[in-house]
Amino acid sequence: MPEPTFDPLAFVEYPAEEMARRAAAFHADLSRRRTVRHFSSRPVPRAVIEDSLRAAGSAPSGANLQPWQFVVVSDPALKARIRVAAEEEEREFYARRAPQEWLAALAPLGTDADKPFLEAAPYLIAVFVQPHGLTPDGKTVKHYYAQESVGIATGFLIAALHHAGLATLTHTPSPMGFLTDLLGRPAHERPFLLLVVGYPADDAKVPQITKKPLDEIVTFR
Ligand code: IYR
């Protein structure tokens, strides 16, 4: 068992007023984020994608094992293949697989099986979770709280891309096994979600939805 080593914490403390201002400003900015389904094909600087992925990779994870892999797709031919495969699953989902109750829950969002944004958007980021890792010599390494860890990292990624000024869509075609095949991922990784990234289309519209107020989502005891 290796001995742990420690560094001094580089903590930044803000005066109370500045802390309150920062908290309010962060909420105001994040609450302007909307899930977008109409993307422009305008190019996006790759450096912004890379820095946002660095932010995602800074997320906490079980035993710091970082059980994630992000596959960034910009190749038009690969995006087209992903669209074909996703739409195939989505047609099944909307026509047969989804129970009425699920379709009713989705109705306010106005979604359907057509996913042109999978080709239009400049970047698709396929997020994979590794329930366990593999050493170079093929031994299994247990990962802890892998789903939770990847969920947190994906939240960081969405917030980072929004902060940079880009729009995202958390897309979860189900099932997503085709991503493993098309992106050539190993069997110990599972597709977690597909993040569509870019500028919104000039005429992008978003559904009228509301978020629950604080008193519905929080209990102070
Ligand atoms: N994957 C489908 C259906 C869908 C499911 C949920 I849960 C959503 O929040 C939105 C859509 C689709 O992408 O259309």
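Worth pointing out:
- Using the 1.4 Å probe convention, the accessible area of segment 37-217 works out to 56 Å² per residue with neighbouring protein chains retained.
- Portion, in percent, of the accessible area of segment 73-221 that falls on carbon or sulfur, probe 1.4 Å: 55 percent
- Note on the chain: with a GNM built from Cα contacts shorter than 10 Å, the maximum mean-square fluctuation among T154, T168, T180 falls on T180.
- Solvent-accessible area of segment 5-63 (1.4 angstrom probe, protein heavy atoms only): carbon and sulfur portion equals 59 percent.
- Within the chain, the longest run free of chymotrypsin sites (Phe, Trp or Tyr not before Pro) that sit in a DSSP loop with at most 14 other Cβ atoms within 10 Å is 12-143.
- Inter-part distance where segment 187-221 and segment 20-61 are each reduced to a Cα centre, Å: 12 Å
- Assuming charge only on the beta carbon of Lys and Arg (+1) and of Asp and Glu (-1), the dipole of the chain about its Cα centre is about 260 debye to the nearest 20.
- Loop-located trypsin sites (Lys or Arg not before Pro) across segment 80-161 with a Cβ neighbour count of 15 or fewer within 10 Å are K139, with loop assigned by DSSP.
- Only lysines eight or more places from K79 in sequence, or on another chain, were considered; those with a Cα closer than 21 Å are K115.
- Partner lysines for K142 [C-alpha distance under 30 Å; skip if fewer than 8 residues away on the same chain]: none
- The convex hull built on the alpha-carbon positions of the chain has an orientation-averaged projected area of 17.0 nm².
- Dipole of the chain, positive end: most advanced residue of T5, A63, L78 [Cβ charges, Cα centre]: L78
The values are calculated or read from the model by the stated rules, or taken from the named source; none is laboratory data. Quick caveat: nothing in here was measured; it's all calculated off a predicted structure. Glycine also receives a Cβ, built like all others from the backbone with ideal geometry; neighbour counts cover every protein chain displayed. Side chains included, ligands, DNA and RNA excluded: accessible areas come from the protein's heavy atoms. Shrake-Rupley method; radii C 1.70, N 1.55, O 1.52, S 1.80 Å.
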